[in-house]
Amino acid sequence: DGISLIHTITEKMWLLPEVVRVDSITNYNWSTSIDDDISIEPFIDMETELSKSYLNEKLEIALKDKTIPSYLLSKDAKVALLYGRLKPTMGQLQNDNLLIANKTKELIGHLKTKHPRFELFTIGPPPLNDAFREISMKDLNLLLPIMVLLILAFLYYFFRSFLGLYLPLIVIGTSNIV
């Protein structure tokens, strides 16, 4: 079930905007050699029957490999990582992080509802930039009204009249218009 989910995510990540390469345990290029013949194939062949013995054999091979542990699998094989490589931004400052983050959230949200026993997370620049944007907007929506109320309270406290409260606001308002 976990391997099928990894394969599904791998295939769907290819469809995300700006993604040019997806690396996962299901499409990892496994190189073997017999005599003078070199064979390169996906580490887990999704065309074959994914029997328990086949998956246990692949797990044993993966954990003994130099590259796969800490790259595509955790050392205890409880966490799998998938890497979505983004298109280089030749001449641009950055990719469209908001679009990438939203499409990724949509994909992960859909898969979380279909596979509730698995925990799915996103990491990297697009989700991080989107998180900073969301937090900034929440803070702005909370702190701006508080700041305006504090300014009004200080103006009323210092001038002790509603005229002293409104005149500075009118001056600031008209100077911003001009």
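The values are calculated or read from the model by the stated rules, or taken from the named source; none is laboratory data. In this text, all values refer to a predicted model and were calculated from it rather than measured experimentally. Methodologically, a virtual Cβ is constructed for each residue, glycine included, from the backbone with ideal geometry; neighbour enumeration extends over all protein chains shown. Note: areas computed on protein heavy atoms with side chains; ligands, DNA, RNA excluded. Shrake-Rupley method; radii C 1.70, N 1.55, O 1.52, S 1.80 Å.
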Exercise for review: Answer with yes or no whether Glu18 is loosely packed, with under 12 Cβ neighbours inside 10 Å, within 26 Å of Arg133 (Cβ to Cβ) and out of contact with any Cys (no Cβ under 9 Å at 6 or more places or on another chain).
Suggested key: no
Review point. Which one is modelled with the highest pLDDT, of the residues in the stretch 93-103 that are open to solvent by 30 Å² or more (accessible area, probe 1.4 Å) and of a type outside the set (D, E, K, R)?
Key: Asn102
Check your understanding: Taking Asp23 and the conditions (1) without any contact (Cβ under 8 Å) to a residue 60 or more places away in the chain; (2) in contact with a Ser or Thr (Cβ under 9 Å, 6 or more places away or on another chain); (3) open to solvent by less than 30 Å² (accessible area, probe 1.4 Å), which numbered condition does it fall short on, given that it satisfies the others?
Key -> (1)
Check your understanding: Does any residue of the stretch 147-159 turn out to be open to solvent by 90 Å² or more (accessible area, probe 1.4 Å) and under 15 Å from the mean Cα position of the chain (by Cα)?
Key -> no
Review point. Quick one: what pairs do we get from the stretch 66-78, first residue in contact (Cβ under 8 Å) with a residue 40 or more places away in the chain and open to solvent by less than 30 Å² (accessible area, probe 1.4 Å), second assigned to a loop (DSSP other than H, G, I, E, B) and aliphatic (A, V, I, L, M), C-beta under 6 Å, 6+ apart or different chains?
Key: Leu72/Ile25; Leu72/Leu81
Review point. So which of Glu106, Glu41, Glu57, Glu134 ends up being part of a strand (DSSP E or B) and surrounded by 11 or more Cβ atoms within 10 Å (Cβ to Cβ)?
Key: Glu41
**Study point:** Which listed residue is open to solvent by less than 70 Å² (accessible area, probe 1.4 Å), without any contact (Cβ under 8 Å) to a residue 40 or more places away in the chain and at negative phi, from Pro126, Pro168
**Key:** Pro168
**Study point:** Filter result (loosely packed, with under 11 Cβ neighbours inside 10 Å and either at pLDDT below 85 or not aliphatic (A, V, I, L, M) (or both)) within the stretch 27-38
**Key:** Asn29, Ser31, Thr32, Ser33, Ile34, Asp35, Asp36, Asp37
Check your understanding: Considering the stretch 79-92 alone, what residues qualify as being open to solvent by 50 Å² or more (accessible area, probe 1.4 Å) and either among the charged types (D, E, K, R) or closer than 17 Å to Asp23 by Cα (or both)?
Key -> Val79, Leu81, Tyr83, Arg85, Leu86, Lys87, Pro88
